[in-house]
1. For segment 363-375, name all the residues that are in contact with a helix residue (DSSP H, G or I) (Cβ under 6 Å, 6 or more places away or on another chain) and surrounded by fewer than 20 Cβ atoms within 10 Å (Cβ to Cβ).
2. Does segment 445-468 contain at least one residue that is assigned to a strand (DSSP E or B), at pLDDT 85 or above and buried (at least 17 other Cβ atoms within 10 Å of the Cβ)?
3. Just the residues that are touching a residue at least 24 places away in the same chain (Cβ under 8 Å) and among the small types (Gly, Ala, Ser), please, taken from segment 482-503.
4. Cβ-Cβ under 8 Å, sequence separation 6+ or interchain: first residue in segment 84-95 and closer than 16 Å to Val141 by Cα, partner within 7 Å of the ligand (Cβ to nearest atom) and open to solvent by less than 40 Å² (accessible area, probe 1.4 Å). Which pairs?
5. So is Arg84 within 12 Å of the ligand (Cβ to nearest atom), among the charged types (D, E, K, R) and open to solvent by less than 50 Å² (accessible area, probe 1.4 Å) or not?
6. Can you confirm whether Asp560 is assigned to a loop (DSSP other than H, G, I, E, B), open to solvent by less than 100 Å² (accessible area, probe 1.4 Å) and at pLDDT 50 or above?
7. Quick check on segment 225-266: of everything there that is open to solvent by 50 Å² or more (accessible area, probe 1.4 Å) and acidic (Asp, Glu), which residue is farthest from Glu198 (Cα to Cα)?
8. Looking at segment 478-503, which of the residues that are basic (Lys, Arg) and within 15 Å of Ile447 (Cα to Cα) is surrounded by the fewest Cβ atoms within 10 Å (Cβ to Cβ)?
Amino acid sequence: MSEPRSLDLGAPEEAYRVLARKYRPSDFTGLIGQEALVRTLSNAFATGRIAHAFMLTGVRGVGKTTTARIIARALNCIGPDGKRTEPTIHPCGVCDPCITIAESRNVDVQEMDAASNNGVDEVRQIIEAVRYAPASSRYKVYILDEVHMLSKPAFNAILKTLEEPPPHVKFIFATTEIRKVPVTVLSRCQRFDLRRIEAGELAQYLGQIAAKEKVEIEEGALALIARAAEGSARDALSLLDQAIAHNEKGAITAETMRQMLGLADRGRVLDLFEKVMKGDVPTALDDLAALYDSGADPLAVMQDLLEITHFLTRLKVAPAAQGFFDGASSEAKRAADLAAKLQVSSLTRAWQMLLKGLFEVRDAVRPISACEMALIRLAYAAELPPTDRLVKDLMDGGAPPRAAAPASAAPARGPVASSSVAPKGAPALNMAPAAESAPTLRGLEDIAAMAQKNSAPVLKVHIENDMHLVKLEAGRLEFRPSPRAPRSLAGDLQQKLRDWTGVRWTVSISNEPGQPTLAEAKKNAKAARIESVMQAPIVRAVLDRFPGAEIVAVRDIAQDEAPPEAPDASDS
Ligand SMILES: [Zn+2]
């Protein structure tokens, strides 16, 4: 918590209190986002069945200690007239117990931080004191924060008291790590899971506080604070405090908040994402540099890129998906267009690469460099056609698709990610009449490769070994089966080709001899190679010297291991 800021003008007697302290809720109605807890406690208080021990769990800053104090007040409030005899879910806030508990000076309400007092001695002191009646209050209340930090003997000591608690004693435990609390302790507590406050709810709450403080602040700025606070009202109020302190004049704008939080403008991050996915590296790097110069943290940029990827993917599967961009904003519209153009495979690949990049940026000495590298990598990968497109391109008989250099020479301002969503010359396969547009396969090799890709290994083996190709043209395949070929081969292949290519195929049996099978061709090629090698004088000489020797394989040295270099040779 920052130091209290004194108001320089106006009322010097009214010292500035940080918002988080000023607006710390004093009763359950002020506790936003914890309706379930309030309901359960209300019921318990109404029926007089109040647990002896409570376990409050939740992430840091979610309000566990505040809640614990409110429960303590609820247990001990005596009402404005001092006549209340029962606990109440609506502590008055003005009676002596209410005030002293809020100020942490009530003798019967002890707060202990287990993180610094994890010893059995401290717990023993509590257990000793537990035997005596409260000094002035209805209950002795022990608030143990970060209770999971207690040592094992300390837990054991406390367990005895929990098993037979004196009627005038209540324990309130708080922890961020519920799994480290022994089950024996947990089972004796009423457990409440304090949830993170949703960003929308938190933003609304902040708006109310800002209004009370007579601070002008843009909705967008509130949303940014709420998001950055990740569900913690305390953090959100603290950020709002900072924003008020930072602001020079006029309303606090989203831009101010972005700079303060080191966040990038989401619209600009969307621009960046578009360019990366388009493979437009130079412009993308310019964009990144501009974001960086305006104060955006590279890690935050990576996080935003990941969130955009996630959001676009969700849009893809559920077009009504909300989040990230405000529903009606121009960014939301652009995101929807972008989602329509990108393929799920590209998005999932982008996700993986960005996630890897995020860790690199986090660990890098120069995060901005790591961020650049990650984006360059993604830009190049975005140029690679997705695997399904790769197969289609193969079947078009065109040149094998390569990772063309990103459009560095001429940054096309055309449709986003055009290269990855619609490679040049790709015909609209599904639209045109099947017979006309059936792609040309170059040979059985392509079909076998396709079988391999589509996890049809058995069919692949038959294609390689049992098919003598007679004729192959658009949508039409004729072959002579080998004697071992299954009868269903033609039918199976016809069906599969249709599945894989999306167009109708006619696969028929021919009586013509056709070409050798792929396996035969391979064997023949190998034989031919050996034959040619045998013609080489040196090989001839070796074979002559070793009668009975034969060549079993021919290997390219370049493809296997290169002969060991002798780096020293040149020196000597
Ligand atoms: Zn009270």
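The values are calculated or read from the model by the stated rules, or taken from the named source; none is laboratory data. Since the model is a prediction, treat every value here as computed from it, not as a measurement. Ideal geometry is used to build each Cβ from the backbone, glycine not excepted, and the neighbour counts take in all protein chains shown. Calculation scope for accessible area: heavy atoms of the full protein, side chains included, ligands and nucleic acids excluded. Shrake-Rupley method; radii C 1.70, N 1.55, O 1.52, S 1.80 Å.
1. Ala364, Pro367, Ile368
2. Checked against the condition, which is being assigned to a strand (DSSP E or B), at pLDDT 85 or above and buried (at least 17 other Cβ atoms within 10 Å of the Cβ), segment 445-468 yields at least one hit.
3. Ser482, Gly502
4. So the pair list comes out as Pro87/Cys77; Thr88/Cys77; Thr88/Gly79; Pro91/Arg73; Pro91/Cys77; Pro91/Cys98.
5. no
6. no
7. Glu248
8. This residue is Arg498.
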